[in-house]
Amino acid sequence: MTARGLGKMVSQNVRRRRSAFVVSCFGLSIGISALVFFVALGAGVHQMVEKVFPAHQVEVVPAEASGALSLFQGARTIEQAAVEKMRSHPSVAAIFRRQKQAFPALASGGAELFGHDLQAELLAEGMDVAAMQGETLGPEPFAEAADSHAPCSSDSDCHAPEYCPSDTRACEAPIPGVLSPFVLELYNSAVAPSHGLPKIGSFLASRFRGFTFRVIFGRSMLGAPRVAAPPKERRVMLVGLSPHAAQLALTIPLTTMQRLNREFAPEKSGGWSSLVIALKPGAQPTELAGQVRALGLAVADSGAERVGLAVTLLTLLFSLVSLAMLLLGTANIAQSFYRTVAERCHEVGVWRAVGARASDVRAIFLAEAGLIGLCGGCAGFFLAWMAGRVIDFLANHYLPAFPFKPDSFFSFGWPLLVGAILCSMAACLLGALGPALRAARFDPIEALTR
């Protein structure tokens with residue numbers, strides 16, 4: 001039997017048994033929709049977790065400063081010798097050093113964006129500029145500024161973006177700074193609503209590139225700090241957003257932070273507060289654990305692994321329930337086809353009498369099952385997609401804003417659609433295989449006399 005003849009035969013059979021075809025497709029689509037729904041939900045949540053906790057990198061901190069205590073303990077630092085030992089580990093692709101700001105600083109500005117200047121304590125951290133390589137940031141690079149030091153009496157005497165500091169009267173470039181998307185999300189979800197400030201969308205975020213504000217190093221809103229040098233005012237330019245930046249602080253070039261720490265807090269300017277280790281493809285953080293502990297260090301517990309594991313386990317649990325529903329659908333398909341074969345025994349005898357081979361009979365029933373699987377898979381994917389859209393609509397309108405709240409909690413794509421169709425067709429073909437083999441073994445004369 002040719003493919004065209006097979007298609008014509010299957011089409012005629014489906015039209016004659018339209019109601020049974022629809023019922024079979026509907027029953028199968030329920031199991032497929034549940035499976036697609038939970039797989040898409042798990043993939044969407046995993047993508048959200050990766051936005052908060054960048055994948056393929058770990059943060060190493062001094063052992064006593066691991067976990068939540070790392071926000072408050074800064075006495076211990078990581079020496080360069082430990083960095084070199086970890087650099088030789090086979091799972092390490094690159095190491096980026098960090099040094100925290102060891103003195104207070106006061107930031108002010110923002111009238112261009114918010115209508116009036118804001119003032120706040122500045123939390124900053126220095127990081128190797130190599131961590132931002134390959135990223136599209138802003139009009140100025142994330143690197144140690146190359147100042148011209150030309151004599152000046154006002155900003156107009158300097159070539160932009162340089163300015164004229166009041167204490168040195170020598171042109172300097174603003175200190176480049178990078179923010180983490182986490183800071184932006186935290187502002188939009190917590191700070192802006194509570195203070196009546198506008199949220200920063202994609203338009204305002206784009207204007208952040210090149211935004212300059214003033215910083216007084218060595219001064220604080222909390223009183224007169226003890227610093228080794230008199231306060232001085234400088235400017236900082238935001239050059240972009242990067243997931244490699246510190247989550248809760250402004251990130252500036254490491255050499256700049258080292259210079260400022262030596263000036264205002266020389267006793268705290270040695271060593272590194274933490275290391276960001278980029279792992280090679282396929283490497284796992286646990287491969288580094290032994291060497292990290294041997295050096296008296298620890299891997300900072302960001303919670304990413306526990307969240308990812310919880311999401312994976314829940315997705316697996318619900319997927320197993322969905323697979324159980326799909327197996328039930330397969331059993332129903334098998335039962336339906338056994339009944340169909342019994343009802344169409346005389347019809348099968350006619351096919352055999354006019355020259356159809358056993359393989360042709362088998363192909364007809366399996367083709368009908370494949371068509372049911374195709375339609376059931378498409379319908380199941382559509383039902384899951386519609387359910388996801390409804391949940392996203394309810395979440396966007398009724399759930400309060402929180403950091404990294406996504407527009408959609410689901411990740412639907414063509415690979416999932418293809419997987420749903422293939423899974424559905426496999427279930428149908430498996431359920432129909434037994435009945436199809438039985439029909440192919442019918443004796444033509446016996447089948448005609450039934």
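When segment 148-195 is examined, which residues are found to be of a type in the set (Asp, Glu), in contact (Cβ under 8 Å) with a residue 24 or more places away in the chain and surrounded by 14 or more Cβ atoms within 10 Å (Cβ to Cβ)? Explain how you work it out, then say what you get.
Taking segment 148-195 as the starting set, the residues that turn out to be of a type in the set (Asp, Glu) are 155, 157, 162, 167, 172, 185.
Now drop any that are not in contact (Cβ under 8 Å) with a residue 24 or more places away in the chain, which leaves 167, 172, 185.
Result: Glu172, Glu185.
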- request: Please specify each residue of segment 1-10 satisfying the condition of being over 44 Å from the mean Cα position of the chain (by Cα), in a helix (DSSP H, G or I) and either closer than 17 Å to Leu429 by Cα or without any contact (Cβ under 8 Å) to a residue 60 or more places away in the chain (or both).
  value: Ala3, Arg4, Gly5, Leu6, Lys8, Val10
query: Which of the helices (runs of 4 or more DSSP H) contained wholly in segment 138-217 include at least 1 residues that are farther than 19 Å from Glu121 by Cα and at pLDDT 75 or above?
result: 181-186
- request: Answer yes or no: is there a residue in segment 413-434 that is touching a Phe, Trp or Tyr at 6+ places or on another chain (Cβ under 8 Å) and among the aromatic types (Phe, Trp, Tyr).
  value: no
query: Among the residues of segment 329-346, is there at least one that is part of a loop (DSSP other than H, G, I, E, B) and of a type outside the set (Asp, Glu)?
result: yes
- request: Pull up segment 383-409, narrow it to residues that are buried (at least 16 other Cβ atoms within 10 Å of the Cβ) and farther than 22 Å from Leu186 by Cα, then point me to the one that is nearest to the chain's Cα centre (by Cα).
  value: Gly388
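The values are calculated or read from the model by the stated rules, or taken from the named source; none is laboratory data. What you see is a predicted model, and the numbers here were worked out from it, not measured in a lab. Note: ideal-geometry Cβ built from the backbone for every residue, glycine included; neighbour counts use all protein chains shown.
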